[in-house]
Each structure stands twice: as C-alpha cells, then as structure tokens.
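What follows is a set of notes on a single structure, which appears directly below.
The values are calculated or read from the model by the stated rules, or taken from the named source; none is laboratory data. What you are looking at is a predicted structure, and each value in this text was computed from that prediction instead of being measured. For neighbour counting, all protein chains shown are included, and Cβ atoms are generated from backbone atoms with ideal geometry for every residue, glycine included.
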Amino acid sequence: MPAVTDGVSVRRREAGATLFMDIRFKAVLAVFIATGSAVIAGSTMAQSTSSGQAYPSKPIRLIVPFAPGGPVDGMARVLAPQLSASFKQSVVVDNRPGASGMIGIEAGVRANPDGYTILMVSSSYAGSAATYQLPYDPVNDVAPIVLLGVASQLAAVHPSVPIASVPELIAYAKANPDKLNYGSSGTGGSVHLATELFNQMAGTRMTHVPYKGQGPALNDVLGGQIQLLIGSPMVIYPHVKSNRLRGIAVTSAKRSDAMPDIPAFAETVPGYENLSWQAVLGPKALPREIATRWNSEINRVLQLPEMRERLASDSMAVAGGSPERFFDRLQRDVAKWRKVVKTANIKPGG
C-alpha cells in the first residue's frame with residue numbers, strides 16, 4: 001500500500017509539472033507571436049513612410065537656374081503656389097543664375113534625392129549638354145518628371161533683305177555664302193543651334209553673330225545691322241505685325257495656330273523641327289513614387305485656366321504627360337544638338 005501511494009504521488013507531481021510547462025510554453029508562444037506581429041507592423045509602417053506616403057513633411061525648394069523675371073522664373077512663380085496648396089507644404093522658388101544656367105542646374109542635379117529639391121529647366125538645358133563638357137551626365141544623372149509646355153520659334157528678316165520665304169532664304173544664302181548675318185542669344189544657345197541645324201539641312205552658309213541675350217540681337221535685326229533672327233514669337237511677332245520685320249517661317253513641324261499665315265520650315269526642308277520647352281526634373285535617385293506624385297500634381301495644375309493663360313502668354317502650348325514623354329524629348333534633343341555641334345565644330349565662347 002505505501003508503494004502504491006508513493007506511485008500515485010509521483011504521477012500527480014509529473015502531471016502537475018507537465019501542465020505547468022504547457023501553460024508556460026503557451027505563454028512564451030503568445031509573447032513571441034505578439035512581438036513578431038509588432039516587428040512586422042513596424043516594418044510595414046517604415047516601408048509605408050519610406051515609400052513616400054508621408055511626403056512632403058517640410059518645405060520644398062524649386063530651383064530656377066535663371067535670374068528673376070525670365071519666362072522660366074515666371075512659370076515657376078505661377079506653378080509654386082498651386083503646388084504648395086496640393087502638397088500642403090511651401091514650394092519655394094530659388095533662383096540660381098549664372099554660367100548660362102549651369103550653376104543652378106548642377107545644384108539641382110547634385111541635390112539630395114529626397115524630393116525636397118526639384119529643378120525647372122528650359123530647352124537650353126539640351127543645348128548646353130551638347131556644347132559644354134559638364135560635370136554630370138545631362139541625360140542619365142537626372143530623374144525626369146514632366147514636360148510643362150512646348151513652343152515654336154519664329155524666323156524673321158529685316159525688310160531691306162530680298163527674302164520673303166524659306167525658298168528665297170535658301171537661294172539668297174547659297175548665292176551669297178557667309179554674307180547673310182544671323183544673330184543669337186549666345187554661342188551654343190537654342191537660337192544658334194536652331195539656325196545651324198537649318199544651315200546643315202538646307203545646305204546654306206550664314207555667319208553667326210552672338211549677343212548676350214535675345215534682346216540685343218533683336219535690336220540689331222530691327223536696326224538692320226544683322227539680317228536674320230530666329231527667336232521667341234512673343235518678342236518677334238509684334239514687330240512682324242507692325243511690318244518692322246518680315247516673318248518667313250516657324251520652327252515647329254507644322255504651322256502654329258497662333259500664326260497660321262506663316263509657313264513652317266519643314267514645308268521646304270522636310271524633317272526640320274526645333275521646339276523650345278520648359279520642364280521639371282529631379283536628381284537621378286529620386287524615388288519613383290515621388291516623381292510620380294509630382295507628375296500627377298503638375299498635370300492637374302496644367303489644366304487650370306491660369307496656367308494655360310501663362311503658357312499662352314509665352315507662346316507655349318500645354319504639354320504634360322508622363323515622365324517618359326519628357327525623357328524621350330530630352331534624349332532626342334541632346335542627341336540632335338550634339339550632332340549639330342560636332343558638324344559645325346561649335347566651341348564654347350566661339
């Protein structure tokens with residue numbers, strides 16, 4: 001009997017120990033599961049924040065690589081308040097002029113790719129990329145965001161020149177090689193390259209006269225010191241309408257709706273096209289979701305009447321679209337101007 005009693009006691013003690021261990025295991029397992037869930041939740045939250053859902057959490061700097069008062073600056077100052085309202089954070093225009101825009105452009109390209117420094121550029125960006133040795137890759141070191149607007153340029157001659165059309169321009173330039181002087185806003189600029197592209201495609205030879213800006217070049221074509229200028233319709237077309245200059249062609253592939261009476265160069269020189277544009281981009285490693293957010297917001301803003309009016313005042317048409325649309329334009333323009341620069345042996349400062 002005593003032996004049986006001891007056996008029962010032992011079995012009871014073992015059963016109690018097993019029950020205790022089972023309870024303890026379940027408690028530890030519950031803690032482990034709870035801790036793991038917290039880790040997973042924390043990881044998910046971190047990914048959510050890093051994916052841009054919390055962006056932006058502070059003011060954003062919009063670099064304009066030109067002095068205040070120009071067309072890119074004007075567009076930025078219309079765009080910034082609309083984006084500030086959308087992002088619920090201030091979008092501050094930061095003018096960084098100098099070296100034909102390259103100082104501000106490098107600051108934007110080299111910025112921390114966190115979405116708090118964004119860059120606005122014009123089509124001169126592609127021209128500079130073709131003309132100058134840059135400390136960055138103008139195509140592969142940037143994240144395209146959106147093309148804002150595009151515009152044709154207008155070619156005009158002084159009324160004293162016996163030219164009223166593109167065929168007459170070609171005939172005159174071939175009969176008088178190097179004697180027809182054309183102005184530009186500077187060596188390697190969009191006006192210079194647009195005219196050299198025409199020279200190469202039409203087989204003409206004209207003499208380049210660089211100026212420090214489009215204004216001085218316009219004054220000299222009005223005064224007859226030079227004979228030809230390709231530039232912004234906003235500043236040239238009023239003089240065409242007042243008969244102080246003779247408009248002969250636009251640089252778009254087709255005629256401009258704003259100037260339907262003036263033919264396109266391409267009607268005589270098939271394939272010729274030169275469009276000026278404005279666009280927004282960021283540093284190369286800008287997260288895709290931030291670039292997409294900017295693209296979406298700007299595309300929305302571009303449809304507002306005040307934005308369309310602003311672009312129209314600069315003789316530009318609304319562009320918009322995907323980042324890929326802008327990137328395609330950028331790649332094609334840089335490649336085109338590099339070919340023009342190489343063929344014409346254009347040197348910076350030349």
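Details
- For segment 140-155, the set of residues classified as of a type in the set (S, T, N, Q) and assigned to a strand (DSSP E or B) consists of Ser152 only.
- Any chance Ile118 is out of contact with any Cys (no Cβ under 9 Å at 6 or more places or on another chain), of a type in the set (A, V, I, L, M, F, W, C) and either in a helix (DSSP H, G or I) or in contact (Cβ under 8 Å) with a residue 60 or more places away in the chain (or both): yes
- Only one of the numbered conditions (1) over 29 Å from Ser256 (Cβ atoms); (2) free of Cβ contacts under 8 Å to residues at least 12 places away in the same chain is not met by Gly69, and that is (1).
- Criterion (at pLDDT below 90 and closer than 28 Å to Thr131 by Cα) met by exactly one of Asp314, Asp328: Asp314
- Qualifying residue in segment 284-293 (condition: out of contact with any Gly (no Cβ under 7 Å at 6 or more places or on another chain), at pLDDT 95 or above and surrounded by 19 or more Cβ atoms within 10 Å (Cβ to Cβ)): no
- Hey, Asp137 without any contact (Cβ under 8 Å) to a residue 40 or more places away in the chain, in a loop (DSSP other than H, G, I, E, B) and among the charged types (D, E, K, R) or not: yes
- Filter result for Glu306 (touching a helix residue (DSSP H, G or I) at 6+ places or on another chain (Cβ under 8 Å) and either in contact (Cβ under 8 Å) with a residue 60 or more places away in the chain or in the same structural domain as Ser232 (by TED's automatic domain parsing) (or both)): yes
- Tally of residues being surrounded by fewer than 24 Cβ atoms within 10 Å (Cβ to Cβ) and within 14 Å of Asn274 (Cα to Cα) across segment 124-154: 1
- Test: residue in segment 310-318 that is touching a Phe, Trp or Tyr at 6+ places or on another chain (Cβ under 9 Å) and crowded, with 16+ Cβ neighbours inside 10 Å: yes
- Ala85 part of a strand (DSSP E or B), more than 17 Å from Phe327 (Cβ to Cβ), more than 18 Å from the chain's Cα centre (by Cα) and aliphatic (A, V, I, L, M): no
- Residues of segment 209-232 that are buried (at least 24 other Cβ atoms within 10 Å of the Cβ) and in contact with a Ser or Thr (Cβ under 7 Å, 6 or more places away or on another chain): Ala217, Ile230.
- Restricting attention to segment 184-200, the residues that are modelled with pLDDT of 95 or more and either surrounded by fewer than 17 Cβ atoms within 10 Å (Cβ to Cβ) or part of a strand (DSSP E or B) (or both) total 1.
- Residues that are among the β-branched types (Val, Ile, Thr) and in a helix (DSSP H, G or I), drawn from segment 156-183: Val166, Ile170
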